[in-house]
Amino acid sequence: MRRAAAPSAVACGRYRIVAMIVWLETGADPQRVQQELADLGLWAIRLDGADGALGFSVQPWSRKVPLEWLEGIEGVASVAAPTSTHRLVDASTLPLEVAGAEFGGELPVLMAGPCSVESAEQIDRVAGHLAASGVHFLRGGAFKPRTSPYAFQGHGEPALSWLRKAADTHGLKVVTEAMSEASVPAVAETADLIQVGSRNMHNSALLQAIAHTGKPVLLKRGMAATVEEWLQAGEYLLFHGASGVVFCERGIRSFDASTRNLLDLGAVALLRHVHRLPVVVDPSHALGRRDLVAPLARAALAAGAVGLIVEIHPSPGQALSDGPQALSLDDFDRLAAEVKAFAPGMPRVTPAASETPRRASPHR
């Protein structure tokens, strides 16, 4: 039998994707083996070694199947597979319970609130309204990362106390962002779910500080991050002690200025149905306009999102930040009703390959 060689690296732009290698025994029928691989949902490219050895490179976008299935194919000598660089993320299971809410359960998790916590009165009014709409988490920014230094930056720690009091008064949980290592202790004391914003997905020092609190984390995808980089950031959080990670797709930067961002629903489906991870969608930041939030929310749930995080405001035209994308309270009520109606038809996670019986090989 031939020794397994190291997995090959397939060029993909500036990144390299590691592929699985299937080596054949001497005298094996390569066409039959390739057909069996195809029958299992694997895309295989033939490899011809200099010493006459034959094998196949299984492309990374193939279906995930147990290695023993491949080793059991007649004519296969050995299989070499890459070691995952996000093993803790891979081991995560659905549903993920966070503060009494099930991400990946029977119903989608709703998170809503203003972009910025502007006053104690404002956030209390919003929380009271959301509690009657079936919302699980009250969101709101105390520290606001703004593109311009002249824009409203949030009220800081006083806003955290307003947010916590409003949530407790109306029976809600809190999700809010920690922007810096210095703000982590205060945010951790306030939040049930700590948010990592898009700008900070690559900030390893902040990720480590947040993870050390032991709290679960809502990890937003960086505006130019690949899915692999996003998963690696999740691995960083779990490695350093976070009790769980909920991934949040909020749109990536595009060349088209028609919308604020490009909502990557393909990544949502990939994380939910292939990686089997809890992923929510932020339709507010995705396009930056309130009239498209509802259709994007419906599309996100259809793709497999286990929840939504939406910006709302009692008077969007007077919001201190992100007013154009904020729903009014009445608009949000309509969206919440749609989500409840859609929930029975939400796509379930497809069975893992290891849970699906393999057909018997006709060559055995």
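Short-range pairs are left out: with C-alpha atoms under 8 Å and at least six residues apart, the relative contact order of segment 9-83 is 40 percent. Relative to the longest principal axis of the Cα atoms of the chain, the long axis of helix 329-342 lies at roughly 30 degrees.
Against the main long axis of the alpha-carbon atoms of the chain, helix 227-239 sits at an angle near 70°.
Judged by the mean number of other Cβ atoms found within 10 Å, the most tightly packed of the peptides 74-80, 86-92 leads the ranking 74-80, 86-92. A simple charge model with +1 on the Cβ of Lys and Arg, -1 on the Cβ of Asp and Glu and nothing else charged puts the dipole of segment 9-83 at about 540 debye relative to its Cα centre.
For segment 219-339, what relative contact order do you get, as a whole percent, if you take Cα pairs closer than 8 Å and at least 6 residues apart?
It comes to 20 percent, rounded to a whole number.
May I ask what percent, to the nearest 5, of DSSP beta bridges between residues of segment 89-345 are antiparallel? Restricted to segment 89-345, the bridges split so that about 15 percent are antiparallel.
Using 1/(1 + (r/R0)^6) with R0 = 41 angstrom and r between the beta carbons of GLU189 and LYS64, what's the FRET efficiency to the nearest 0.05? Write down the numbers at each step before the final one.
Details: r = 40 Å, r/R0 = 0.97.
It comes out at approximately 0.55.
Remark: the chain carries a charge dipole of roughly 380 debye about the Cα centre, counting +1 on each Lys and Arg Cβ and -1 on each Asp and Glu Cβ.
Put a plus charge on the Cβ of each Lys and Arg, a minus charge on the Cβ of each Asp and Glu, and nothing anywhere else: the dipole of segment 158-246 about its Cα centre is then about 240 debye. So I have (1) 39; (2) 19; (3) 23, and one of them is percent of Cα pairs over 40 Å apart calculated from this model. Which one is it? Label of the calculated value: (3). As I understand it, the dipole of the chain uses +1 on the Cβ of Lys and Arg and -1 on the Cβ of Asp and Glu, about the Cα centre. Which of SER321, GLY251, ALA44 lies farthest toward its positive end? Checked the options; the winner is ALA44. Helix 120-131 and the longest principal axis of the Cα set of the chain meet at an angle near 50°. Taking segment 121-155 and a reference point 7 angstrom along Cα→Cβ of SER161, the backbone N atoms nearer than 14 Å belong to 121, 155. The chymotrypsin sites (Phe, Trp or Tyr not before Pro) found in segment 77-153 that occupy coil by DSSP, while having at most 10 further C-beta atoms within 10 Å, are TYR150. Between SER328 and THR93, the modelled label-to-label distance comes to 4.7 nm, taking each label 7 Å out from Cα in the direction of the beta carbon.
Counting Lys and Arg as +1 and Asp and Glu as -1, what is the net charge of the other residues whose Cβ lies under 14 Å from the Cβ of PHE137?
Details: positive: ARG139, ARG164, LYS173, LYS215; negative: GLU97, GLU102, ASP168, GLU177, ASP192, ASP282, GLU311.
Around PHE137, the surrounding residues sum to -3.
No value in this document is a laboratory result; all are computed from the given coordinates. Quick caveat, the model's predicted, so the values are computed rather than measured. Please note: Cβ atoms are built from the backbone with ideal geometry, for glycine as well, and neighbour counts cover all protein chains shown.
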